[in-house]
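Report on one structure; see the data block that follows.
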Amino acid sequence: MSTYEIQVLDTYENKTYADGMAAALYGVKPPDVNALRPTGEWQCYDIWFKRPLFDESGKMTSPACVTVMVNGVLVQNNVPFDGPTSHKKRRPYQKHADARPLVIQNHNEVVEFRNIWIQPLPDDAILSPAGPVGINQ
């Protein structure tokens with residue numbers, strides 16, 4: 001949703017700060033394990049994302065949550081975002097549209113993507129292999 005960032009950079013043998021490594025919820029939580037394949041091999045990310053919910057006044061009533069698998073390994077299990085992602089600071093939730101663009105960002109390295117699939121699901125049907133996504137589920 002161009003607001004909640006999951007890292008996809010190469011940190012197979014490239015040390016970086018924990019919540020900036022591959023599969024981290026950027027600035028929020030590092031992955032439970034580094035499941036990357038060696039540099040130059042294709043990586044597979046499966047991401048189940050539940051959008052945040054807001055009431056009529058704009059107050060967040062349910063945070064954005066995500067489950068992430070990298071190369072078949074569960075690395076984030078139904079983790080809530082504590083607001084929009086940012087580097088070294090916390091920004092509060094602000095009401096936004098229910099659907100926003102997927103943004104893919106690069107930091108001066110050669111990056112290739114293939115087979116990107118996006119499947120919108122109803123709020124009550126966001127299931128991952130680890131179970132329902134969303135803290136109210």
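Read-outs: derived from the displayed coordinates by stated rules, not from any lab. Source: prediction; values computed, not measured. Because the Cβ atoms are built from the backbone with ideal geometry, glycine has one as well, and the counts that use them run over all protein chains shown.
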> Under 16 Å Cα-Cα from residue 59, which lysines qualify once same-chain neighbours fewer than 8 residues away are excluded?
Replying inline: 95
> In straight Cα distance, which lysines are under 17 Å from residue 29, not counting same-chain residues fewer than 8 positions off?
Replying inline: 15, 50, 88, 89
> Dipole magnitude of segment 28-75 about its Cα centre, charges +1 at Lys/Arg Cβ and -1 at Asp/Glu Cβ only, in debye to the nearest 20?
Replying inline: 60
>> Give me the mean projected area, in nm² to one decimal, of the convex hull enclosing the Cα positions of segment 59-116.
In response: 6.0
>> Show me the ranking of peptides 43-49, 116-122 by mean Cβ neighbours inside 10 Å, starting with the highest.
In response: 43-49, 116-122
> Along the charge dipole of segment 1-121, which of 118, 53, 72 sits closest to the positive end, that is, farthest toward it, with unit charges on the beta carbon of Lys, Arg, Asp and Glu (+1, +1, -1, -1)?
Replying inline: 53
>> Given a Förster distance of 22 Å, report the FRET efficiency between residue 33 and residue 104 from their Cβ-Cβ distance, rounded to the nearest 0.05.
In response: 0.40
> Can you give the convex hull volume per residue for the Cα atoms of the chain, as a whole number of Å³?
Replying inline: 111
> Could you give the nm distance between label points at residue 118 and residue 90, where each point is 7 Å from its Cα heading toward the beta carbon?
Replying inline: 2.9
> Which of 97, 22, 35 moves most in a GNM of the chain, Cα contacts under 10 Å?
Replying inline: 97
